[in-house]
Each structure stands twice: as structure tokens, then as C-alpha cells.
Amino acid sequence: ASNILCYSILFCFFSFFFPITFLISRILTGSKKIFVLLILSLIFYSFHNMINLLVLSSSVIFNYLSLRKNSQNIYLPILINLVILFIFKYSGDFFDILLLQETLILPLGISFFTFQQISYLLEKKYLNVEKHNFIEYAFFVTFFPQLIAGPIIKFKDMIIQIKNQKKVK
């Protein structure tokens, strides 16, 4: 039964999700493209576990707001990111004992999106990063082809590639 589910998901991904995403990414440009790819990335992430979408979304919102509030004080947000990562990744055995054998479900790609955001916090503080909106930031963190395995890249490099990509005629 597990194999059938896995093959069904792969079939749906390659038959529907990927072709639709590819076509949309080739037709749209600029902000519209970024917004649609953000929505598709969140849909992709939700296939693993809908509840973990809350962890990812909360992390993105927290980091974005912490930058908006005070972009010079990045050490507290970095510490909070690392504590959350520790809780999900390394405290499972401890919680098993304390919480009647309940285990935390490890969010898919939590290490990557945590370190991607820490990298961004550092980039924002020490490099000259242009102003951007929440949609661009959320897209940068959640873009589905890199969300699970990386690589960790600079915000500026990714946004320039997406915004400057020409529309297919």
C-alpha cells in the first residue's frame, strides 16, 4: 500500500504538478511569476504533511518580521531559529520519554529552510541587500526545487534570475 501511494504521488507530480509549474514559469514574468511559484511551492510542501506547512509558514513570517522590526539585531532571531531546529531535530528522544511516547514529526527540509533564513539574516545585516516584499522573501525560502536539498544561495542571486527570465513566446 505504501508503494502504491508513493507511485501515485510521483505520477501526479510528473504528470500534472511539474508540467503546470514549468508552463506557468515560462509564461509569467516578474511579480506575478514569483507569487504563483510561491503558491505552487506551498502546495508542493503541503503534500508531505499539512501541519508542517504551519511550521514553515511560521518560520518565514517570524524571520521576515524580525528583519522589518530591527534589521541590525539578528542574533536573537538566529538563536530562535537554532532552538526551533534543535527542538524538532535533536530532542525527539527526550520528548518520547516526557510526553508519553509522542514523537514530533520532523518537518521536511527544516534544516535547509532554517539555514537559508539564517544566511539571509546575515546577508541582510552585512551585505547591501535591496528592499523587497514579503512575497519575494517567502518565495526565496520556500521555492520547491531547492526547499528539500538546497543549495543555500543568496537572495539577490535568486531574485535576479527569476525577475530577469524572459517570457517564452
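The values are calculated or read from the model by the stated rules, or taken from the named source; none is laboratory data. The structure displayed is predicted, hence computed values, not measured ones. Cβ: placed from backbone, ideal geometry, glycine included. Neighbour counts: every protein chain shown. To get the accessible areas, we keep the full protein, side chains included, count just its heavy atoms, and leave off ligands, DNA and RNA. Shrake-Rupley method; radii C 1.70, N 1.55, O 1.52, S 1.80 Å.
Pairing residues of region 32-43 that are touching a residue at least 24 places away in the same chain (Cβ under 8 Å) with residues that are open to solvent by 70 Å² or more (accessible area, probe 1.4 Å), at Cβ distances under 8 Å and at least 6 apart in sequence or on separate chains, gives I34/K163; L40/I20. Among the residues of region 21-54, just one is at pLDDT 85 or above, open to solvent by 90 Å² or more (accessible area, probe 1.4 Å) and of a type in the set (V, I, T), namely I27.
For region 1-20, filtering for residues that are open to solvent by 80 Å² or more (accessible area, probe 1.4 Å) and not aliphatic (A, V, I, L, M) leaves 7.
Among the residues making up region 133-148, those that are touching a helix residue (DSSP H, G or I) at 6+ places or on another chain (Cβ under 7 Å) and in a loop (DSSP other than H, G, I, E, B) are F143, I148. Residue count for region 104-123 satisfying the condition of being open to solvent by less than 10 Å² (accessible area, probe 1.4 Å) and under 19 Å from P145 (Cα atoms): 7.
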